[in-house]
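The values are calculated or read from the model by the stated rules, or taken from the named source; none is laboratory data. Owing to the predicted nature of the structure, the values given are computational and were not obtained by experimental measurement. In this analysis, Cβ positions are derived from the backbone assuming ideal geometry, glycine residues included, and neighbour counts consider all displayed protein chains.
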Amino acid sequence: MISISILLPCYNEEAILLVNFNTILAYLMSKNDKYQWEIIIVNDGSTDKSGEIANQISKIDEHTKVIHHPINLNLGLALQTGFKNAVGDVIVVLDIDLSYAVENIEKLVDKLVEESADIVLASPYMKGGKVIAVPFFRRILSKQVNRFMRLAAQDKYSTYTGMVRAYRSSFIRNVNLKTKDYEINPEILYKAMILRARIVEIPANLDWTGQNKFKGQRTSSIRVLRGFFSGIMSGFIFRPYIFFLGIGSFLMILSLYELVWLLYDTIIGLKEIWAYPSTVDYPFSFSLTLQFKKNPQTFIVGGITFLAAIQFLGLGFLSLQSKRYFEELFHLSTSLKEQIRNQSPASKI
């Protein structure tokens, strides 16, 4: 029988915490013959009554443990706290608002076991998934951020920012994570790709119907525009060099277009100089000077664009080299961390 840990990060969720916890609990109790399970609530410095409600829950249900952050440390550190304290073979992260239905627990765990995967993603953007009742502006921004990350990443998935996932515990505990906020979700995928982890997606429905009923009663630590720009910046972690090389290549094409036409006009002018007797000592320089007098903007625009292209291409090659160094060091540090964990007395208990 496989053991699972359900991880619930929580910040100012007093309006829904008890009701949704009971929904999760009832579902897990119906799976007693299939899973050994525990629930971990990480109260991330809530300023409402979420902490009190979580404590009451832990006293009622022996399968539930509550970990409190004294202040709000944001989603990234809340997840890391949960990963460290989970004892299950598989860790399933759920959003306490249940915008992804509890039935996804079984789907995620079963897929992870069937595919021998390290991570399974719940994706509303892949074929078979749906987005329901999510505000239009937020839905568009989220979809575009994930498309941008798909363009940037070497491994192609439909959802990079989603939190609802299943992790193989032995894998996620050995991944060095540093992000404090919700950017931890793309960070995990990026570092999992470096480690050649097996990542699988399943379609899921993202449904805000229930969440919208509590509009105005809940506070969110994630703001839409801030999340959008943070997501765009997170996209650069996958392959930053393609952006520099892409811009550099575009500028190089523009500069070459200007400079090739300049060279063409200079050669035409050179032929005209040669066609008549002339006392010009340096015909090519003279023709080039005439072109500068006729079209000085071509020299300025072409020259500046060419220099900018060289700069961006140089940054691209430097970022490529830096990325390779980082990936080598990260792979090495993760391997050392895993060896130390396996050799520690606690890991043998």
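Hey, any hits in the stretch 126-140 for a residue that's in the same structural domain as Ala86 (by TED's automatic domain parsing) and under 15 Å from the mean Cα position of the chain (by Cα)? No - not one qualifying residue is present in the stretch 126-140. Among the residues of the stretch 132-152, write down those that are part of a loop (DSSP other than H, G, I, E, B) and at negative phi. Listed by number, the residues that qualify are Val134, Pro135.
Selection of helices (runs of 4 or more DSSP H) fully inside the stretch 232-348 by the criterion of at least 1 residues being under 30 Å from Val87 (Cβ atoms), among the small types (Gly, Ala, Ser) and modelled with pLDDT under 85 returns 296-343.
The single residue among Ala117, Ala133, Ala153 that is in contact with a helix residue (DSSP H, G or I) (Cβ under 9 Å, 6 or more places away or on another chain), closer than 20 Å to Leu195 by Cα and at pLDDT below 95 turns out to be Ala153. Scanning the stretch 24-40 for residues that are touching a residue at least 40 places away in the same chain (Cβ under 8 Å) and assigned to a strand (DSSP E or B) turns up Tyr35, Gln36, Trp37, Glu38, Ile40. Going residue by residue through the stretch 55-63, is there one that turns out to be within 21 Å of Leu79 (Cβ to Cβ), polar (S, T, N, Q) and surrounded by 19 or more Cβ atoms within 10 Å (Cβ to Cβ)? No, the conditions are met nowhere in the stretch 55-63. Residues in the stretch 162-201 that are touching a Ser or Thr at 6+ places or on another chain (Cβ under 7 Å) and either within 14 Å of Met126 (Cβ to Cβ) or free of Cβ contacts under 8 Å to residues at least 24 places away in the same chain (or both): Gly162, Glu201.
Being among the β-branched types (Val, Ile, Thr) and buried (at least 21 other Cβ atoms within 10 Å of the Cβ) holds for only one residue in Val134, Val145, and it is Val145.
Is it the case that some residue within the stretch 88-98 is of a type in the set (Gly, Ala, Ser), in a loop (DSSP other than H, G, I, E, B), assigned by TED's automatic domain parsing to the domain that holds Trp37 and under 21 Å from Ala15 (Cβ atoms)? No, the stretch 88-98 contains no residue that is of a type in the set (Gly, Ala, Ser), in a loop (DSSP other than H, G, I, E, B), assigned by TED's automatic domain parsing to the domain that holds Trp37 and under 21 Å from Ala15 (Cβ atoms).
Being more than 17 Å from the chain's Cα centre (by Cα), modelled with pLDDT under 90, closer than 21 Å to Leu141 by Cβ and not hydroxyl-bearing (Ser, Thr, Tyr) is the filter here; which residues of the stretch 166-215 pass it? If the condition is that a residue be more than 17 Å from the chain's Cα centre (by Cα), modelled with pLDDT under 90, closer than 21 Å to Leu141 by Cβ and not hydroxyl-bearing (Ser, Thr, Tyr), then Gln211, Asn212, Lys215 are the ones that fit. Screening Glu115 on (1) of a type in the set (Asp, Glu); (2) within 30 Å of Ile340 (Cβ to Cβ); (3) free of Cβ contacts under 8 Å to residues at least 12 places away in the same chain shows it passes everything except condition (3).
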